[in-house]
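Trainee: Before anything else, here's the structure in question.
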Amino acid sequence: TGNAFAVKKDLPGHAVGNGHTKAHQTLEAMASNWENDFSFAPIRESQVSRAMTRRYFQDLDNYAESDIVIVGAGSCGLSAAYMLGKQRPDLKIALIEASVSPGGGAWLGGQLFSAMVMRKPADAFLRDLGVAYDDEGDFVVVKHAALFTSTLLSKVLSFPNIKLFNATCVEDLITRPAPTSSDPHAVRVAGVVTNWTLVALNHDTQSCMDPNTINAPIVISTTGHDGPFGAFSVKRLVSMQQLEKLGGMRGLDMNRAEDAVVKGTREVVKGMIVGGMELSEVDGANRMGPTFGAMVLSGVKAAEEALKVFEE
Ligand code: AHZ
């Protein structure tokens, strides 16, 4: 073929290629000559498999002991991850998201509309992120929620010390006894129990498929309000008798809801910080509906609370 990069020998189990990697090309050079001179660099299928699986299993090994686990990669969890990644490149942060696609409810502004509203002072987060907005006085508007979420996601994923495990859900919490004078049965949260979401969804159809674990001194839970997947960690805290009961998210009141979620973001049980709409289930706070300032600032505060543990 005259292709200088042609495969020399395609032996099973061996990398293919002639030892030279294909030189970098410009898109312009490529565009001029598709029919004649174009070919991909050679590859053997096993190279693709190994390139993926080696990294994934190294990550599983590496993050089995994490510094911080964030449960849920919605607007709150991603905002917390962004703040932590920016401030503490020395910490290992595992971000666990049940869906294949991270972002939670932040791909749309409200109903099926594009624009995303944030009340001031959450505009500070957008400036930090470098996302453009229209200033409407007391609030700002990003032209598409997906612009906010994709920018935030790309920054979070670029931090070398943050690993997103998507399509993976937290299906239990790791706990250790931490008795107090008022509660001899108190525990602290010491990590999470994970499973691939597709497995977790099939516990009814198969005999026991045991999970995996991640140890961490601090877990930030941001799994959203109650629903098929939401409020996971706090519901578990109730069933293990670490919270007496949930307050239950109240009706929509934007003014009350957003202040309450940000101010309330805290360590709910030793080792577990709760933020975003999951917190409204704990505190019986109102929902805010389609305005996202409280989600990002709750994430900022959750990150701050988590870092206190490492400053102690
Ligand atoms: O898939 C969930 C979503 O991406 C994920 N999640 C839930 N349970 C999980 C589990 N393990 C791993 N057990 C899990 N991941 O958590 C993410 C939650 O994102 P979200 O957008 O639902 O929550 P948030 O609190 O970040 O943002 C809420 C946005 C809302 S809801 C609302 C209202 O209803 O009034 N208003 C706003 C702004």
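Just so it is clear, none of the values below were taken in a lab; they were calculated from the coordinates. Predicted model, so just to flag it, every value in this text is computed and none were measured. Glycine also receives a Cβ, built like all others from the backbone with ideal geometry; neighbour counts cover every protein chain displayed.
Trainee: For region 75-234, compute Rg over Rh where Rg is the Cα radius of gyration and Rh is the Kirkwood radius from the inverse mean 1/r over Cα pairs.
Mentor: 1.03
Trainee: Where nothing but the Cβ of Lys and Arg (+1) and of Asp and Glu (-1) is charged, how large is the charge dipole of region 128-195 around its Cα centre, in debye to the nearest 20?
Mentor: Computed about the Cα centre, the dipole is about 460 debye.
Trainee: Can I ask one more? Using the basic label-point model (7 angstrom from Cα toward the beta carbon), what is the ASN215 to LYS245 distance in nanometres?
Mentor: Label-label distance for ASN215 and LYS245, simple model: 3.8 nm.
Trainee: From largest to smallest, what semi-axes in whole angstrom does the chain give when each is the square root of 5 times an eigenvalue of its alpha carbon gyration tensor?
Mentor: 40, 27, 17
Trainee: Another question, then. For the chain, what is the relative contact order in percent, using Cα pairs closer than 8 Å and at least 6 residues apart in sequence?
Mentor: 19
Trainee: Using per-residue counts of other Cβ atoms within 10 Å, averaged over each peptide, order 220-231, 291-302, 152-163 from highest down.
Mentor: Per-residue Cβ counts within 10 Å, averaged per peptide and sorted highest first, yield 291-302, 220-231, 152-163.
Trainee: Looking at region 81-164, what % of the alpha carbon pairs are farther apart than 19 Å?
Mentor: 43
Trainee: Within 13 Å, Cβ to Cβ, of LYS301, how many net charges do the neighbouring residues add up to if Lys/Arg are +1 and Asp/Glu are -1?
Mentor: Net local charge, LYS301 excluded: -2.
Trainee: Once you place label points 7 Å from the Cα toward the Cβ at ASP172 and LYS92, how far apart are they in nm?
Mentor: 2.3
Trainee: Which FRET efficiency value, to the nearest 0.05, is calculated for GLN47 and SER101 with the Förster distance at 35 angstrom and r the Cβ-Cβ distance?
Mentor: 0.85
Trainee: Moving to a separate point now. Would you mind calculating the relative contact order of region 199-279 from Cα pairs under 8 angstrom and at least 6 residues apart, reporting the percent as a whole number?
Mentor: It rounds to 37 percent for region 199-279.
Trainee: With each pseudo-label sitting 7 Å past Cα toward Cβ, what's the SER150-THR180 distance in nm, one decimal?
Mentor: 4.6
Trainee: If we sort 192-199, 32-39 on the protection proxy, mean other Cβ atoms within 10 Å, highest first, what's the order?
Mentor: Output ranking for 192-199, 32-39: 192-199, 32-39.
Trainee: Report the charge-dipole magnitude of the chain in Debye, nearest 20, computed about the Cα centre from +1 at each Lys and Arg Cβ and -1 at each Asp and Glu Cβ.
Mentor: Value, rounded to 20: 460 debye.
Trainee: For region 35-83, what D do you get in µm² per second when you plug the Kirkwood radius from alpha-carbon pairs into Stokes-Einstein at 10 °C and 1.306 mPa s?
Mentor: The diffusion coefficient I find is 110 µm²/s.
Trainee: Setting aside same-chain residues fewer than 8 positions from LYS235, which lysines have a Cα under 17 Å from its Cα?
Mentor: LYS245, LYS270
Trainee: When the distances between all Cα atoms of region 211-297 are binned every 5 Å from zero, what whole-number percent does each bin get?
Mentor: 3, 15, 26, 26, 16, 8, 4, 1, 0
Trainee: Please compute the Cα-Cα pair-distance distribution of region 225-273 with 10 Å bins starting at 0, giving whole percents from short to long.
Mentor: Result, from short to long distances: 21, 52, 26, 1 percent.
Trainee: If I histogram all Cα-Cα distances within region 154-292 using bins 10 Å wide from 0, what percent of pairs lands in each bin?
Mentor: Spelled out bin by bin, region 154-292 gives 11, 36, 35, 17, 1 percent.
Trainee: Right, something else. Could you rank the peptides 112-118, 258-264 by their average count of other C-beta atoms within 10 Å per residue, with the highest value first?
Mentor: Final packing ranking: 258-264, 112-118.
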